[in-house]
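The values are calculated or read from the model by the stated rules, or taken from the named source; none is laboratory data. Because the structure is a prediction, the values reported are computed rather than measured. A quick note on method: Cβ atoms are made from the backbone with ideal geometry, for glycine too, and the neighbour counts reach across all protein chains shown.
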Amino acid sequence: MSLSHALMTSLLEKSSSGYDLARRFDKSIGFFWRATHQQIYRELARMEKAGWIESAAAPDGGKTRKKNYRVLDAGKVELERWAREPSPPQDMREELMVRLRADAVLGPLGLEDEIARRKATHEQKLAAYRAIEARDFPPEKVLSREARIQHMILKTGIMFEEGWAKWSGEALELLRQTAHTPPNR
């Protein structure tokens, strides 16, 4: 996936200034696709040059250089082309797993604090996702197709964080139980 496709999706949801887009991005797509504000502005300029989006001076921009962006037909065609393209599932690439393998062969390395820190981080994200779910997708609310799809995306984040929080707890317990056990060599 490229940042341009994520930005066009967000702009199709709501045309906006670069600043507003970056803030909205942080609170939505940014949960699963990270980008700095600087990267977003650079990509907007590249997308405009490619003819996928256009900008106009914002009505409330005054003497600033504030611009509002919107997706052009060529951008919609590109986004549709990209969205239909098959993509392989992403393989896990997690440095902590290699550290645990090292712990297994070298003996206890004191990874408990790192795993406890990560567990807390996953639990915080899980709480934030559940709060969003309760606020935006209450069970009694009839959801549009768009909202149901957005809820499915959020559920992916919830399941991810639940899984990592549970795994972290199990890993912590195992490391604590075996803290004084020498490796088999």
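When the residues of segment 111-123 are filtered to those that are aliphatic (A, V, I, L, M) and part of a helix (DSSP H, G or I), which remaining residue is surrounded by the most Cβ atoms within 10 Å (Cβ to Cβ)?
Looking at the filtered set, the residue picked out is Ile115.
Give Lys76, Lys119 a once-over and let me know the one that is among the charged types (D, E, K, R), within 23 Å of the chain's Cα centre (by Cα) and under 25 Å from Leu3 (Cα atoms).
Lys76
Yes or no, residue by residue, for (1) surrounded by 12 or more Cβ atoms within 10 Å (Cβ to Cβ); (2) aromatic (Phe, Trp, Tyr); (3) within 30 Å of Pro108 (Cβ to Cβ):
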position: Asp136; (1), (2), (3): yes, no, no
position: Pro139; (1), (2), (3): no, no, no
position: His151; (1), (2), (3): yes, no, no
position: Ala165; (1), (2), (3): yes, no, yes
position: Leu172; (1), (2), (3): yes, no, yes
position: His180; (1), (2), (3): no, no, yes
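If the requirement is being assigned to a helix (DSSP H, G or I), without any contact (Cβ under 8 Å) to a residue 40 or more places away in the chain and either outside the structural domain of Val105 (by TED's automatic domain parsing) or among the acidic types (Asp, Glu) (or both), which of these qualifies: Glu146, Glu140?
Just a single option satisfies the conditions, and that option is Glu146.
Just to be sure I understand the filter: pairs with C-beta atoms under 9 Å, separated by 6 or more residues or on different chains, first member in segment 1-19 and over 14 Å from Ile40 (Cα atoms), second member surrounded by 19 or more Cβ atoms within 10 Å (Cβ to Cβ). Which pairs pass?
Close Cβ pairs (under 9 Å, with a partner that is surrounded by 19 or more Cβ atoms within 10 Å (Cβ to Cβ)) amount to Leu12/Val71; Leu12/Gly75; Leu12/Leu79; Lys14/Leu21; Ser15/Leu21; Ser15/Asn68; Ser15/Tyr69; Ser15/Val71.
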